[in-house]
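Single-structure report; data block below.
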Amino acid sequence: GDYKEPGSLRYLLHHEWASIRKWIMYQPIDHIKDYFGIKFGLYFAWLGFYTHMLIPAAIVGLICFIYGLATMYSNTLSEDICNKSLNIVMCPLCDNCQFWNLTDACDYARVTYLFDNPFTVFFAFFMSFWGTLFLELWKRYSADITHHWGLTGFDVQAEHPRPEYLARLRDAKVKINVITNTEEPYVPFWKVRVPATILSFSVVLLLISVAVAAVFGVVFYRMATLSSQNIFNEEDKRILVPATAALINLVFIMLLNYFYDWLAVKLTELELLRTQTEFDESLTLKIYLFQFVNYYTSIFYIAFLKGKFVGYPLKYNKIFGMRQEECSPGGCLMELCIQLAIIMVGKQAYNTILEMIIPLMFKWWNTFKIKTGMQEEETVNKNGKIQWVEDFKLLDWGPRGLFPEYLEMILQYGFITIFVAAFPLAPFFALLNNVLEMRLDAKKFLRFYRRPVPRRVKSIGVWFRILDILGKISVVTNAFIIAFSSNFIPRLVYMITVNKNHTDVGFLNHSLAYFNISDYKNPNYNNSDYSLCRYQEYRNPPWDQHPYKRPPIYWHVLAARLAFVVVFQNVVSIMMMAVQWLIPDTSRKLRDEMRKEAFLTSEIIITQERKRAQGMLPGKIGSGDFLNGERNAIFTLMFLDK
């Protein structure tokens, strides 16, 4: 029916579910399942559950940000950076740059503190706990839904072969499927499957290398821009260079996505996978591997590589004659935050716009083709429209189905778990996006897409395993981000071992090394008005017996950083195991209900067998008749139980 005409399920869903005004209401999951099928119903059930679980994460992230905002002007490090009376002259950031005053980074340091404050460590712990809790509670919720929809005993091997699979192998040898007891085409494993799989993943690795090369191309752009004096002035470079680089990276990401998505479908078709579930999981693995590298490589670079191997003014480590990028005195966390915000928020805004515009354009194109090719009038509905023609104008789902929707949410999940220590507002922005995403997806599916062929699935499939892996990766990445990309550990070591009052007063001066300008190999700096400049490193001063060598404090800080990573990982791992042990996959109520159904099923089978043995059932009961009778009896019992 028409989504504008009352009386149909499509109209009911469009009015009650797809309306933005109903954003605060629960989703009608059973009605969604009835209209779209179990696969779609399970996706929206997962999306709704994930969005609800984002609420506590968003609240804690906002508290972290508000704490940083409230204590911004009491932070010793940023206030020392902004203190003009200290008159700290910094060494040039590039070979052609000039000396600069540390107060130029004042605003940058204060904004950095909004995300890099003592509360951030607690937030990282909380998000690791949240990720485990989310997966465990979803398993319980998913078990309830699959049992409610009668999928508890569903087996993938009982799934029918894909039509494309049967069409391509119509002339192949046949074999008997021992589960369905039907003839199916036979595909040689070693001669066909293995070579096709090797080819697919070889191409995947090649394109992953291309994605990594694109990211390092953007890195070279940043290095060249920082070395130039004609594009941005010194004060603007700290914000504009990372922002423009992130935008260029986002453009590369989108362009590579379009090509790779098309190619991944073709490669998966070559593997001749039997069922739609197997096809979806193989396609998911290929595309997600590429998308993971495509979206996260630049963020990993800033978090773990940038500023770590720069060298020092007497001996810089150069790449193609260009100096590597340095972190500001406030650390690289702010730049990591800028990169995350642009890629995450920009991607979500871009996808939201495209998801509504592209289906509308395709619908207009289909309408144009139909109107120019239709020869005669057909029976019309109440509004004077031909209903089948109106439905035919809508978009087909294609081979990927719900894959783009899942992929968008899983990539978002990666942003709010793997790098959440650098951007505590990520769960809040994800929550805002998902509240709109549910309703816009509903509107898009009901208005612009044909009703899909319903498919039975038992779970969200390979996506759950990806979520579990992301949760484990996030523990490691957040530990390293706090330890190596922020000033938390150096500041803590300074307070415990260096400062007699155990405060962070003087930490800025302690973290900056001295360099004698007369030691510069660049003759342009020999006539400078300054005799010394500072740079962010732990190295001996030029007047020391071993100038520019590593002091003992450097090794103390490094040991503390590694110790923090080990402690963080072990504490979080123990906490995750405790959560998994305390929360079973199914609730006690559901387990009792399943035992009851299994007992009643056994009683029915025993009764039927007894009647057949006593001759009370006339004729011979075939296996198909018996199974149908058993199934009808179970459905009757379930109906009576409800």
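The values are calculated or read from the model by the stated rules, or taken from the named source; none is laboratory data. Remember, predicted model here, so these are calculated numbers, not experimental data. Cβ atoms come from the backbone with ideal geometry, glycine included; neighbour counts cover every protein chain shown. Calculation scope for accessible area: heavy atoms of the full protein, side chains included, ligands and nucleic acids excluded. Shrake-Rupley method; radii C 1.70, N 1.55, O 1.52, S 1.80 Å.
Quick notes on this structure:
So that you can scan it fast, the table gives a plain yes or no per residue for (1) assigned to a loop (DSSP other than H, G, I, E, B); (2) in contact with a Leu (Cβ under 6 Å, 6 or more places away or on another chain); (3) not aromatic (Phe, Trp, Tyr):
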site	(1), (2), (3)
LEU440	no, no, yes
PRO452	yes, no, yes
LEU470	no, no, yes
PHE480	no, no, no
MET495	no, no, yes
TYR514	no, yes, no
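- Residue under evaluation PRO92, criteria (1) more than 30 Å from PRO454 (Cβ to Cβ); (2) in a helix (DSSP H, G or I); (3) not hydrophobic (A, V, I, L, M, F, W, C), criterion not met: (2)
- For LYS521: the one exception among (1) surrounded by fewer than 13 Cβ atoms within 10 Å (Cβ to Cβ); (2) within 16 Å of TYR316 (Cα to Cα); (3) in contact with an Asp or Glu (Cβ under 9 Å, 6 or more places away or on another chain): (3)
- Every listed requirement among (1) free of Cβ contacts under 8 Å to residues at least 40 places away in the same chain; (2) of a type in the set (Phe, Trp, Tyr); (3) surrounded by 12 or more Cβ atoms within 10 Å (Cβ to Cβ); (4) farther than 23 Å from ALA483 by Cβ is met by TYR554 save one, (4).
Residue-by-condition table, conditions (1) among the aromatic types (Phe, Trp, Tyr); (2) without any contact (Cβ under 8 Å) to a residue 12 or more places away in the chain; (3) farther than 26 Å from ILE302 by Cβ; (4) buried (at least 19 other Cβ atoms within 10 Å of the Cβ):
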position: ILE489; (1), (2), (3), (4): no, no, no, yes
position: THR497; (1), (2), (3), (4): no, no, yes, no
position: ARG539; (1), (2), (3), (4): no, no, no, yes
position: LYS589; (1), (2), (3), (4): no, yes, yes, no
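- Flag for LEU582 being among the hydrophobic types (A, V, I, L, M, F, W, C), at pLDDT below 75 and open to solvent by 80 Å² or more (accessible area, probe 1.4 Å): no
- Any hit, region 446-458, residues being of a type in the set (A, V, I, L, M), modelled with pLDDT of 85 or more and open to solvent by less than 10 Å² (accessible area, probe 1.4 Å): yes
- Taking residues in region 184-197 that are of a type in the set (S, T, N, Q), and partners anywhere that are open to solvent by 60 Å² or more (accessible area, probe 1.4 Å), the pairs with Cβ atoms closer than 9 Å and at least 6 places apart or on different chains are THR197/LEU270.
- Residue list for region 16-41, filter: assigned to a helix (DSSP H, G or I), over 29 Å from HIS147 (Cβ atoms) and either open to solvent by less than 50 Å² (accessible area, probe 1.4 Å) or without any contact (Cβ under 8 Å) to a residue 12 or more places away in the chain (or both): ARG21
- Any hit, region 217-233, residues being at pLDDT 80 or above and open to solvent by 70 Å² or more (accessible area, probe 1.4 Å): no
- Check on CYS106, of a type outside the set (Lys, Arg), outside any helix (DSSP H, G or I) and surrounded by fewer than 20 Cβ atoms within 10 Å (Cβ to Cβ): no
- Looking only at region 266-281, and only at residues there that are assigned to a helix (DSSP H, G or I) and open to solvent by less than 20 Å² (accessible area, probe 1.4 Å), the one that is farthest from GLU159 (Cα to Cα): LEU267
- Qualifying positions in region 5-15 - open to solvent by less than 40 Å² (accessible area, probe 1.4 Å) and more than 21 Å from TYR406 (Cβ to Cβ): SER8, ARG10, HIS14
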